[in-house]
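Worksheet: the structure to be examined is printed underneath.
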Amino acid sequence: MSTNGRRGAMRHEPMFNAPGVVIGLAVLLIAIYALFQRANPLLQDLVIRDFAFVPGRLTVSIWPARAIDILVRAHRDGEALAQARAMRDLHVLGGGSKLWTLLTYGLLHGSWMHVLLNSVWLVAFGPPVARRSGAANFLTFMAVTAVAAALAQWAASPMEFAPLIGASGAVSGLMGAVTRFMFQPGAPLGPRSTHRFDVETAPRATLAETLTDGRTLVFIGIWMATNFVFGAFGQVLGLSDMPVAWVAHVGGFFAGLALFPLFDRSGRAAMQGFAG
């Protein structure tokens, strides 16, 4: 086998030869959860209060009148009363917007299944993106898609006071990113797949091509359907022990799909034209 052939073959198995930044991030997520689990309940509450993203807290910080309305209705409206209690428990009225939580929520998880599942998906989809973008761009991409996922959840549920935690939104961004090049000719999921496929130099489809390619659309459709079912019925089916923020996943996915070219160090589009 030629040197190029061996190089392509090695790059065909990114899960088993993941870049250090991907492994390091997965280890960090697991370590943070391990420390969180061992902490006393008071410290756990403090961490959730100060580092989890709460959509309603952002809304109240921007429109204080929304909080006043809840407090006025609390004595006669059960839902408003529950929201008022959540605001109290999370110190929403006195804590400010805590904009850093748009990012830090992605470092927290609620169970071992939660953090291990996200770590597995991170190691599965992170390597090709990390190889194309480099370590610094990869981490920035993860941060941007995490923020986008949180904002999507906020837009869908602006007065929700349940804390949002987990790296799922950013991991979904990775899934969106890989759709820009893993369905190209010669790629593992594209036509004429070959072991010589080099993820670092493979051309990137334009956004227009991505959204009109049959293989890509099937993948997006299956991902969306799976995400919705998991989000709507994950607790009922015993797949998750907490509500699944599926809207955040969608926000992260499409942010990754649209914004990946900004972080793609190869900078190669499949065709000239709109390379978004």
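Throughout, read-outs are computed from the coordinates displayed, never taken from laboratory work. Predicted model only: the values in this text are computed from it and were never measured. No Cβ is skipped: glycine too gets one built from the backbone with ideal geometry, and neighbour counts run over all protein chains shown.
Assorted remarks:
- Net length gained if the chain between A155 and L93 were fully extended (0.36 nm per residue, minus Cα distance): 20.3 nm
- L81 paired with I68, simple spin-label distance in nm, labels 7 Å along Cα-to-beta-carbon: 2.4 nm
- Taking every alpha-carbon pair under 8 Å whose residues sit at least 6 apart, the range 31-141 reaches a relative contact order of 31 percent.
- Net charge over other residues, Cβ less than 15 angstrom from the Cβ of A84 (K, R count +1; D, E count -1): +1
- Sequence-distant residues sharing a close amide H with R204 (under 5 Å, placed H): R268, A269, A270
- Neighbour net charge for F53 - beta-carbon separation under 14 angstrom, K R +1, D E -1: +1
- Footprinting exposure proxy ranking of D264, D89, fewest other C-beta atoms within 10 angstrom first, gives D89, D264.
- Backbone N under 11 Å from the I23 label point (7 Å along Cα→Cβ), restricted to the range 130-160: none
- When H114, H75, H109 are sorted by how many other C-beta atoms sit within 10 angstrom of their C-beta, beginning with the fewest, the order is H75, H114, H109.
- For S119, S172, S61, order by how many other beta-carbon atoms lie within 10 Å, fewest first: S61, S119, S172
- In this simple spin-label approximation, A143 and V120 carry label points 7 Å from Cα along the Cα→Cβ vector, and these lie 3.0 nm apart.
- Each residue of the range 45-51 is assigned a 3J(HN,Hα), and the resulting list reads 4, 5, 4, 4, 5, 9, 10 Hz, derived from the Karplus form 6.51 cos²θ - 1.76 cosθ + 1.60 (θ = phi - 60°), x at Gly and Pro.
- At R0 = 35 Å, FRET efficiency that the Cβ-Cβ distance of Q44 and R215 yields, to 0.05: 0.20
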